[in-house]
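Scroll down for the structure; my scribbles are underneath it.
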Amino acid sequence: ICSCCYLSRRLNQLSSHDPLWKRHCKKYWLISDEEKSQRNQSWKAIFISTYSDLGRYIQYYATLKKAWDDLEKYLGQRCPRMIGSLKESVQEEDLDAVEAQIGCKLPDDYRCSFRIHNGQKLVVPGLMGSMALSNHYRSEDLLDIDTAAGGFQQRLGLKQCLPLTFCIHTGLSQYMALESVEGRNKYEIFYQCPDQMARNPSAIDMFITGTSYLEWFTSYVNKVVTGGYPIIRDQIFRYVHDKECVATTGDITVSVSTSFLPELSSVHPPHYFFTYRIRIEMSKDALPEKACQLDSRYWRITNAKGDVEEVQGPGVVGEFPIISPGRVYEYTSCTTFSTTSGYMEGYYTFHCLYYKDKFFNVTIPRFHMVCPTFKVSTARMETNHNEYAVDEDEDSTDTDEYEDRRRVLDIPAPSGRCPHH
């Protein structure tokens, strides 16, 4: 319309009709009436000036801006110190300089996000979620553009991959592929997973976490702001709770949420590590004499091939919690599978505190664990297939027995150094 208005008087009048530009300002740039009054400009002037700066991102800006705004509002009420770790936006010339430095084009949705916030300072807790299990802890930061560029990879196995996140404790990163090489799709986002059975160090499998930056970031934010991920001790924990995964026995309710840990998993050999968080709660309306103590647990663990393992033992994670009206007890544990999925179910045995000879079982609902989509390294395909003969008959195991059996990958201790260095 702006171009055609020079040829037609009627189009000239239309192009100056401010209410038409108001709709576009709200739709594409999320400009509010309050912001418009503060800027003391017409809607048309605001649209044109914003377009001259952010026009290349017009199909992404509103979606990403809303995601950032929703995230800030949510965290401002629940994790205020995390808001202070966010960095101010960068300019076009900064992003152009990074492209020149790494010799690759950055996707527009990624660039657009950094025009809103330049990632996060390297602090704990990280914006992209935390996980704590026994002596294992990680918390991922969203990297700023300069640190990400410093960690840009050109080595075999990770050619033309840019880190998006980083954990100071484990060295864990999520990468984005800037080109379609080594079996990856362009702009795919993944965790690297070294092939433990390969002689070739460039044999790196991938656990896929996103198909584009826009999809990856907005889906994560949606999980956070809708309460899909719990806030625990001022941190975002990436546990997923299935609303159907709840069981009530009498006055006691048990619910379960789960999470996959890529840094403790591998494709070759097949070893998929999951952690689960269990919440045991007694109704606040229960009678005081209903107070009880947990004595033992029973698990029935089934992998994707239908193999079943039964585990029974005293307490949970070495504790014998007392449950009383209104009280909640939560604990975290883990299990491993040699198949890409499996499920667990079982029960706890309690005894009443007022009637010590009275015992009863409380149902643990069945909960499923599924490994994310993964891709096998192309370098592996070039190696003798016999190297990768794998025994997939290994049973899964409940975590309370897990510490004794020590079926953890023999992964070298991470350096804990930022990829910038």
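The values are calculated or read from the model by the stated rules, or taken from the named source; none is laboratory data. These numbers were taken from a predicted model, which means no experiment stands behind them. Note that we place each Cβ from the backbone using ideal geometry, even for glycine, and neighbour counts take in every protein chain shown. Only protein heavy atoms, including side chains, enter the accessible area calculation; ligands, DNA and RNA are left aside. Shrake-Rupley method; radii C 1.70, N 1.55, O 1.52, S 1.80 Å.
Of Lys26, Lys44, which residue is assigned to a helix (DSSP H, G or I), modelled with pLDDT under 95 and surrounded by 13 or more Cβ atoms within 10 Å (Cβ to Cβ)? Break it down stepwise before answering.
Numbers: Lys26 fails: modelled with pLDDT under 95.
Exactly one residue qualifies, and that residue is Lys44.
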Single residue of Val246, Val240 found to be open to solvent by 50 Å² or more (accessible area, probe 1.4 Å), in contact with a Ser or Thr (Cβ under 8 Å, 6 or more places away or on another chain) and in contact (Cβ under 8 Å) with a residue 60 or more places away in the chain: Val246
Verdict on Ala67 being among the hydrophobic types (A, V, I, L, M, F, W, C), touching a residue at least 40 places away in the same chain (Cβ under 8 Å), surrounded by fewer than 21 Cβ atoms within 10 Å (Cβ to Cβ) and assigned by the TED database to the domain that holds Gln160: no
Any strands (runs of 3 or more DSSP E) falling wholly within the stretch 289-388 and containing at least 1 residues that are open to solvent by 60 Å² or more (accessible area, probe 1.4 Å), modelled with pLDDT under 95 and in contact with a Pro (Cβ under 8 Å, 6 or more places away or on another chain): none
Residue match in the stretch 70-78 (condition: crowded, with 19+ Cβ neighbours inside 10 Å, touching a Leu at 6+ places or on another chain (Cβ under 8 Å) and not hydrophobic (A, V, I, L, M, F, W, C)): no
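Per-residue answers, yes or no, for (1) without any contact (Cβ under 8 Å) to a residue 60 or more places away in the chain; (2) under 29 Å from the mean Cα position of the chain (by Cα):
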| residue | (1), (2) |
| --- | --- |
| Tyr276 | no, yes |
| Met282 | yes, no |
| Asp285 | yes, no |
| Ile301 | no, yes |
| Glu309 | no, no |
| Pro314 | yes, no |
| Thr339 | no, yes |
